[in-house]
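What follows is a set of notes on a single structure, which appears directly below.
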Amino acid sequence: MTIAVTAATGHLGTLVVDALLARTTPDQVVAVVRDAAKAEPLAAKGVAVRLASYDDPDALKSALAGVDQVLLISGSEVGKRVQQHRNVIDAAIVNGVERIVYTSAPQPETSTLPVVPEHLATEQYLAETGVEHVLLRNNWYHENYAQALEAARQTGSVLTSAAEGRVASAARADYAEAAAAVLTATGPVKPVYELSGDIAWSQDELASTLTDVLGSPVTVAQVTPEEQAAILVEAGLDEGTAGFVAAIDAATAKGDLALANGDLSALIGRPTTPLVETLRRLA
Ligand SMILES: NC(=O)c1ccc[n+]([C@@H]2O[C@H](COP(=O)([O-])OP(=O)(O)OC[C@H]3O[C@@H](n4cnc5c(N)ncnc54)[C@H](OP(=O)(O)O)[C@@H]3O)[C@@H](O)[C@H]2O)c1
């Protein structure tokens, strides 16, 4: 069984390769990367490294030759990803892969998160092709709150417009372990996993966790999405990024990140890593 992991040099990809190596042997793992130099640590672990950009259909076809399963880790170039993901899916199908596993976003059919349309379009393309596939709908990473941690260190507050919306985030390593569990499963797997942390926390709980981690009081500054975007622009963010952050909080307020259904802990066979643990490591 040969398993290819795309974006293997990314934060998640690197953790997936490690999680696969804990469950299988290096000769069964292919790291598909666009930057050979960045992949040197992966090559040192004994996995095959094959070069292909998501923008290069021919290179992707060569990179996925002889592969049984592909983990397609969603790309990071927002706006280009639907075509890029199609390129990977087409290359996998040409090579006759048995299954594609795709890292998607939570509940994309109903979510208002601004990142969702590209994930939904990729899911729809997978369905159209008829290829066997598994959707790993990853909720937010705990690591996304590294910036909130730094801001809280500087200002003593968490700026948010998420109101009472909860976030069922989980550590990247937990999602990586879940991906490896699906890719190496010998029994049946579900077609869709809504992967998230066991606990969906509120902004007040985030602030109290940051208070613990930093050892100094952190409070919540609740504002409207418009106020949030304006404050972020004032602080030096470009308007697009500020609007993006505010749109994520608006979706959070609607509950788009709140689902904590136990799919992730069931796959990894243990409770998910608590937010406080990841924030302590980041601090
Ligand atoms: N759930 C969440 O909270 C969350 C947060 C952020 C992102 N995401 C999504 O999850 C994915 C994985 O997360 P991550 O933390 O591992 O992100 P990351 O560290 O930024 O990694 C992104 C990976 O995508 C690769 N990539 C980007 N464009 C590519 C292209 N044109 N061709 C080939 N590879 C390309 C990058 O290659 P290089 O290593 O060469 O740069 C990198 O390996 C992200 O790409 C994004 O879609 C989810």
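Points worth noting:
- Placing a label point 7 Å from the Cα of Lys190 along the Cα-to-Cβ direction, the residues of the range 249-278 whose backbone N falls under 18 Å from that point are 256-273.
- Debye log10 I(q)/I(0) at q = 0.07, 0.10, 0.12, 0.14 Å⁻¹ for the chain, Cα point scatterers: -0.27, -0.54, -0.77, -1.03
- Counted charge near Glu177, where neighbours are those whose Cβ lies closer than 12 Å (Asp, Glu -1; Lys, Arg +1): +1
- Amide H contacts under 5 Å for Ser74, placed H, 5+ residues apart: Thr103
- Compared with the dominant principal axis of the Cα atoms in the chain, helix 225-234 is inclined by about 90°.
- 5 angstrom amide H check on His133, placed H, neighbours 5+ away: Ile100
- Average Cα contact separation per residue, the range 198-283, under 8 Å, 6 or more apart, as relative contact order %: 39 percent
- Between the beta carbons of Asp204 and Ala283, assuming R0 = 22 Å, the FRET efficiency works out to 0.70 to the nearest 0.05.
- Additional length obtainable on full extension of the chain from Ile93 to Leu51, 0.36 nm per residue less Cα span: 13.3 nm
- Its residues counted as N, the range 44-118 yields a C-alpha radius of gyration over 2.2 N^0.38 Å of 1.20.
- Degrees, to the nearest 10: 203-214 long Cα axis against longest axis of the chain: 90 degrees
- Using alpha-carbon coordinates, inclination of helix 11-21 to the longest axis of the chain, degrees: 50 degrees
- Stokes-Einstein D (µm²/s) once Rh is taken as the Kirkwood radius of the range 3-138 over alpha-carbon pairs, at 20 °C in 1.002 mPa s: 144 µm²/s
All of the numbers you see were taken from the coordinates with simple rules; none came from a lab. None of these values were measured; they are calculated from a predicted model. Here the Cβ is made from the backbone with ideal geometry for all residues, glycine too, and neighbour counts use every protein chain on show.
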